[in-house]
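Right, one structure below, let's go through it.
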Amino acid sequence: MYTVVMPKLGDTMEEGKVLNWLKQEGDLVEKGDALAEIETEKVNIEVEAFKPGVLRKILVPAGATVPVGAPIALTGAANEPLPADVASSAAATTAAIPAAASAEARAQAQGQTGETPAPVAQPTPAAGQQIAAPISGNGRGAPSANGYAAPPVPTPSLAPSAPADRIFISPIARRIAAEHTLDITQLQGTGPNGRIIREDVEAALQRGQIPVQQPAAIIPPAAPAVALPVTVPGEEVEAVPLSQMRKTIARRLQQSMQTAPHFYITVAIEATRLGEFRASVNDYAATLPEPLKVSYNDLIVKAVATTLTHVPQVNVSFDGEQLLLKKRINVGVAVALEQGLIVPVIRDTDKRGVLDIARESRRLADAARANKLKPEDFSGGTFTVSNLGMFDVESFTAVINPPEAAILAVGAIAPTPVVRDGQVVVRDIFKVTLSVDHRALDGATAARFLQELKRLLEQPLGMLL
């Protein structure tokens with residue numbers, strides 16, 4: 001009997017949602033057949049069968065969310081008996097579904113045919129691998145004194161005594177606890193098998209019930225959080241559940257703004273020669289066997305990659321104790337989708353020509369909109385470009401995409417009066433703003449980066465030399 005588990009499809013993935021089953025119990029499956037469609041934090045991925053046989057048991061129904069590594073199905077020979085612990089471990093599957101799942105999803109978790117699906121025991125993770133805990137969603141709280149509904153706050157209980165030598169805690173929960181010097185030995189987790197998860201630590205911070213390991217530094221205490229009204233009496237609202245992508249965007253960008261001290265530098269760049277260069281490139285690209293059109297953004301991405309080779313101090317990550325200087329330059333390009341924002345990555349951007357960058361950019365954007373990106377298409381980025389110029393946005397500041405140290409926000413090209421040789425003339429100008437993690441970079445380094453980028457974009461032949 002082979003156990004199909006929730007795959008880990010990204011460094012930050014902690015859970016996945018089974019959107020639908022493409023095979024049903026009793027169906028024959030071949031190696032490579034798609035069994036189910038999984039919604040992850042960034043894309044939807046089909047889970048494939050690794051061995052031929054029969055889909056003997058679906059352990060997690062459509063609509064349920066479970067942690068990475070949790071069993072979701074069993075495959076095997078048609079006459080092979082099911083493990084004895086399938087029926088006895090039904091409660092484990094129910095516990096793995098986040099508490100904020102809808103009533104319909106919880107009803108589905110009791111079985112699509114009136115039978116409670118039950119997984120086998122949790123598989124032992126491979127060496128160095130840790131199974132992540134699920135992320136609980138938001139539920140509707142009880143009415144407060146002012147008549148509004150306030151979001152419920154999880155209430156992890158204090159452990160009556162010190163736990164065993166090993167404390168089971170998710171990596172993100174451990175990091176948050178360390179940042180606030182919380183004593184995790186005093187927490188009893190609410191995750192699977194008593195594991196301490198992020199919600200346990202955050203709830204402890206809100207309630208102020210967990211003793212710290214050492215006195216806090218001399219920092220004025222933050223003002224207590226005030227619950228905002230969820231609804232106004234008489235207001236008509238529609239509750240829209242958050243997708244895995246939207247949950248991840250909210251969590252990661254909030255983390256970025258809270259942990260990375262941002263500062264911003266803006267420069268104005270003349271695009272006259274850049275436009276002429278683009279026209280020449282497109283004249284040539286139109287004669288190719290497969291005609292291609294290069295955008296301004298493709299040229300900006302190329303200029304960014306070239307600039308990073310000249311100012312490699314920007315191509316870094318900050319991990320708390322040291323700077324990680326990245327040897328490869330992988331530029332991410334933000335793509336807006338209906339369900340959120342995703343950043344496909346053009347790998348080894350500095351080693352690619354302008355036409356190659358344009359082709360890869362189109363491929364990634366089309367794959368993102370068709371929901372066909374692979375995990376390697378959106379991981380490993382070292383710098384991000386976010387362009388809102390096509391929406392006539394003059395300038396804006398972008399939030400750094402962790403664990404990167406900087407992101408470039410690009411505005412629209414517009415005719416602008418400027419002074420040249422003592423005369424007021426009209427030139428095509430656009431503004432770019434660099435958002436920088438001050439823990440990793442100082443203002444002078446960021447300024448040198450923009451100075452070099454401006455030089456390349458105003459003298460675009462330099463990108464070819």
Against the definition (of a type outside the set (V, I, T) and either in contact with a helix residue (DSSP H, G or I) (Cβ under 7 Å, 6 or more places away or on another chain) or crowded, with 21+ Cβ neighbours inside 10 Å (or both)), how does L308 come out, yes or no? yes
Give segment 325-367 a look and list any residue that's free of Cβ contacts under 8 Å to residues at least 12 places away in the same chain, more than 19 Å from L408 (Cα to Cα) and either among the acidic types (D, E) or in contact with a strand residue (DSSP E or B) (Cβ under 9 Å, 6 or more places away or on another chain) (or both), or say none. E338, D356, D366
Among the residues of segment 280-300 satisfying the criterion of being without any contact (Cβ under 8 Å) to a residue 24 or more places away in the chain and part of a helix (DSSP H, G or I), which is surrounded by the most Cβ atoms within 10 Å (Cβ to Cβ)? N282
Mind listing just one residue for me: the one in segment 367-389 that is under 16 Å from the mean Cα position of the chain (by Cα) and polar (S, T, N, Q) and, of those, surrounded by the most Cβ atoms within 10 Å (Cβ to Cβ)? T382
Being more than 27 Å from E404 (Cβ to Cβ) and either assigned to a loop (DSSP other than H, G, I, E, B) or modelled with pLDDT under 70 (or both) narrows A203, A227 down to just A227
Filtered residues of segment 398-434 (kept if polar (S, T, N, Q) and in contact with an Asp or Glu (Cβ under 9 Å, 6 or more places away or on another chain)): T416
Test each condition in (1) at pLDDT below 95; (2) more than 23 Å from L323 (Cβ to Cβ) for G380 and report the one that comes out false. (2)
Checking the structure you have, find out if any residue of segment 344-355 is within 30 Å of V240 (Cα to Cα) and in contact with a helix residue (DSSP H, G or I) (Cβ under 9 Å, 6 or more places away or on another chain). yes
L28 crowded, with 18+ Cβ neighbours inside 10 Å, hydrophobic (A, V, I, L, M, F, W, C) and over 30 Å from L341 (Cβ atoms): no
Every pair of residues 6+ apart whose Cβ atoms lie under 6 Å, when the first sits in segment 25-41 and is in contact (Cβ under 8 Å) with a residue 60 or more places away in the chain while the second is crowded, with 17+ Cβ neighbours inside 10 Å and assigned to a loop (DSSP other than H, G, I, E, B): T40/L9; T40/M13; E41/M13
Mind listing just one residue for me: the one in segment 1-15 that is at pLDDT below 85 and part of a strand (DSSP E or B) and, of those, surrounded by the most Cβ atoms within 10 Å (Cβ to Cβ)? E15
Restricting attention to segment 411-465, and to residues there that are in a strand (DSSP E or B) and among the polar types (S, T, N, Q), which single residue is farthest from the chain's Cα centre (by Cα)? Q423
Filtering strands (runs of 3 or more DSSP E) wholly in segment 301-408 for at least 3 residues that are of a type outside the set (S, T, Y) gives 323-325, 331-333, 335-337, 340-342, 383-387
Those residues of segment 414-448 which are within 20 Å of V335 (Cβ to Cβ) and surrounded by fewer than 22 Cβ atoms within 10 Å (Cβ to Cβ), in sequence order: T433
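The values are calculated or read from the model by the stated rules, or taken from the named source; none is laboratory data. Keep in mind it's a predicted model, so treat the numbers as computed, not measured. Glycine also receives a Cβ, built like all others from the backbone with ideal geometry; neighbour counts cover every protein chain displayed.
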